[in-house]
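**Q** Dropping the structure in here first, questions after.
The values are calculated or read from the model by the stated rules, or taken from the named source; none is laboratory data. Please read all numbers here as calculations on a predicted model, not as lab measurements. Backbone-built Cβ (ideal geometry, glycine too); neighbour counts: all protein chains shown.
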Amino acid sequence: MSQAANSRRPTLTLRASLSRPIAAILLAASLLGTTGAKAAPQDIDRIVAVVNNAVITQYELKKRVEQVISQLASQKTQAPPRRVLEKQLLERMINERALMQIAEDTNIRFDGTALDRAVARIAQQNNLSPEEFRKALEAEGSDFAAFREQIRSEMTIARLKEREVDNKIVVTDAEIDNFLANPALDANQQDEYNLAHILILAPEGASPEKLAELRAKAEKAQAELQAGTHFSQVSAAYSDAQNALQGGSLGWRSEGQLPSLFAQVVRTLKPGESSSVIQSPNGFHIVKLVDKRGKNVQLVVKQTRARHILVKTNEVVSDDDARNRLRLLKERIENGADFAELAKLHSDDLSANRGGELNWLNPGDTVPEFERAMDALKPGQVSDPVRSPFGWHLIQVQERRDQDVTQERKRLEARRALRDRKSEEAFEDWVRQVRDRAYVEYRLEE
């Protein structure tokens with residue numbers, strides 16, 4: 001498939017911190033820790049936990065607690081008691097260490113260039129230059145080197161999830177057919193829910209006594225919610241979920257994207273209400289319905305049939321070289337040369353043997369730079385050279401049409417919903433297994 005057609009809008013595998021405001025990014029930093037921070041000499045020998053062959057120091061835990069308290073305050077969320085917060089954060093740090101050790105042992109690493117690109121993209125999403133972004137972080141009291149290490153951790157764990165979980169998920173056509181056969185799961189018609197979530201993880205093979213202890217913890221969290229304590233505060237104090245310190249927010253989900261256990265519950269809730277304690281194989285859950293809305297998907301879209309010539313840049317071909325080559329090709333086309341023949345001879349894209357044909361494209365099917373240039377053209381018109389992440393393009397629009405893509409989009413939405421549901425459940429289960437296999441020794445003083 002063509003790189004232009006196959007290159008949908010870039011979706012970073014990093015978690016939501018890459019698109020959040022700076023305050024939220026700093027909170028995300030507290031979730032994964034500051035693995036690049038230097039421990040104060042007086043705290044180096046004070047170990048609060050051992051995870052396999054790694055340690056967590058009192059200094060690291062103290063810094064994490066301080067960051068979280070500061071960020072919760074900036075969100076006007078009351079922090080739980082410090083001792084409760086310490087225990088919650090230590091558990092998250094243990095999970096992180098265990099995951100990062102697996103990544104290191106299996107050679108998942110990101111170099112400085114990859115980190116620079118990720119930080120630059122975060123800065124751009126906050127409408128800042130990299131240098132301005134760095135100064136903004138430092139003005140908030142955050143160490144920039146530690147922030148980079150936090151981004152490295154996010155990228156590493158995302159890559160680990162992709163390899164260990166996402167790449168093993170299969171959604172069959174039969175599953176999609178069954179999904180679409182149930183009108184209640186039609187992602188194009190069903191309501192959407194904005195949810196928050198508290199998770200009390202249960203170890204694999206937990207004894208009845210342990211399960212009773214964890215259920216009691218979940219019921220205590222629910223009792224605090226019923227007494228009027230804010231959900232985000234209870235989440236910070238009790239939840240084992242990765243987003244616990246972000247209020248447990250799951251964002252907007254269609255019903256088909258929810259675990260079936262949650263879907264049954266949210267139908268009975270009104271906005272603002274929280275569920276009773278729900279038990280699953282992974283532990284105990286409390287779900288809050290923040291808001292609800294109807295979904296009205298536009299299934300008639302304007303499609304464009306286009307073709308292009310791509311010249312890639314490399315150590316030999318500079319940007320100027322590529323642009324000039326395409327300018328000469330455009331002159332030849334304007335003087336009567338056949339676009340398809342020139343594409344076959346000069347394009348570096350996989351579509352070259354088809355004369356540069358990309359067939360019918362929906363909005364969002366190509367990267368933004370390509371789509372903007374394509375949308376500005378009239379049928380038959382050839383663009384000036386256009387820069388994209390893949391190189392330089394000449395684009396020609398052949399025709400446009402309004403197309404009903406209801407069935408195509410329904411199947412795409414169904415596949416995405418099923419994959420998201422499986423991925424979330426599988427990753428949660430896999431992290432629990434990693435945690436259960438790890439050697440953990442607690443040394444946090446009571």
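**Q** Could you check region 100-114 and list, in sequence order, the residues that are modelled with pLDDT under 85 and assigned to a helix (DSSP H, G or I)?
**A** Passing the criteria: Gly112, Thr113, Ala114.
**Q** Ok, one more. Output the number of residues of region 338-351 satisfying the condition of being without any contact (Cβ under 8 Å) to a residue 24 or more places away in the chain and in contact with a helix residue (DSSP H, G or I) (Cβ under 6 Å, 6 or more places away or on another chain).
**A** 1
**Q** Take region 317-364 and flag every residue that is surrounded by 20 or more Cβ atoms within 10 Å (Cβ to Cβ) and in a loop (DSSP other than H, G, I, E, B).
**A** Ser347, Asp349, Gly356
**Q** For region 385-408, which residues satisfy the criterion of being surrounded by 12 or more Cβ atoms within 10 Å (Cβ to Cβ) and part of a loop (DSSP other than H, G, I, E, B)?
**A** Scanning region 385-408 gives Pro385, Phe390, Val405.
**Q** What is the residue count in region 200-236 for residues that are more than 20 Å from Gln279 (Cβ to Cβ) and either of a type in the set (Gly, Ala, Ser) or without any contact (Cβ under 8 Å) to a residue 12 or more places away in the chain (or both)?
**A** Here the count works out to 5.
**Q** Within the set of pairs 6 or more residues apart or between chains, which connect a residue that is under 18 Å from Pro389 (Cβ atoms) and at pLDDT 95 or above inside region 307-326 to a residue that is among the aromatic types (Phe, Trp, Tyr) and part of a loop (DSSP other than H, G, I, E, B) with Cβ atoms less than 8 Å apart?
**A** Leu310/Phe390
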